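Quick notes on the structure that follows.
The values are calculated or read from the model by the stated rules, or taken from the named source; none is laboratory data. Owing to the predicted nature of the structure, the values given are computational and were not obtained by experimental measurement. No Cβ is skipped: glycine too gets one built from the backbone with ideal geometry, and neighbour counts run over all protein chains shown.
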Amino acid sequence: MRILYAHPTGETGERDCVAFVDVEFNEDIRLYGLRLVRQPDGRHLIYAPQAGHRRTATFSKPLAEQLSALALEAYEAARHDQR
């Protein structure tokens, strides 16, 4: 599993989407436009894109934690590269 692309949004508040990320789970599955959201307690969580008011996918807690960690690392690298 790897992050293909991370695009910081520039948002800085609580519960803001700080980046959009594209993820390759394996050579057969990729998801685009996942949202990395900063929580009020400072943690970051990943959310699948939505179709209308419904999410297009959900993740188990362990997978969501792994995705969030990878996305946060890619987001921080992308922010650093923008400087």
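Observations on the model:
- The set of residues from region 36-49 being assigned to a strand (DSSP E or B) and either among the hydrophobic types (A, V, I, L, M, F, W, C) or at pLDDT below 90 (or both) comprises LEU36, VAL37, LEU45, ILE46.
Okay, residues lined up against (1) surrounded by fewer than 12 Cβ atoms within 10 Å (Cβ to Cβ); (2) touching a Gly at 6+ places or on another chain (Cβ under 6 Å):
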| position | (1), (2) |
| --- | --- |
| MET1 | yes, no |
| TYR5 | no, no |
| CYS17 | no, no |
| PHE20 | no, yes |
| ARG35 | no, no |
| ARG38 | no, no |
| ARG43 | yes, no |
| LYS61 | yes, no |
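- Condition met for PRO62 (at pLDDT 95 or above and of a type outside the set (Val, Ile, Thr)): yes
- Residue count for region 39-62 satisfying the condition of being over 15 Å from ALA6 (Cα atoms) and within 15 Å of the chain's Cα centre (by Cα): 12.
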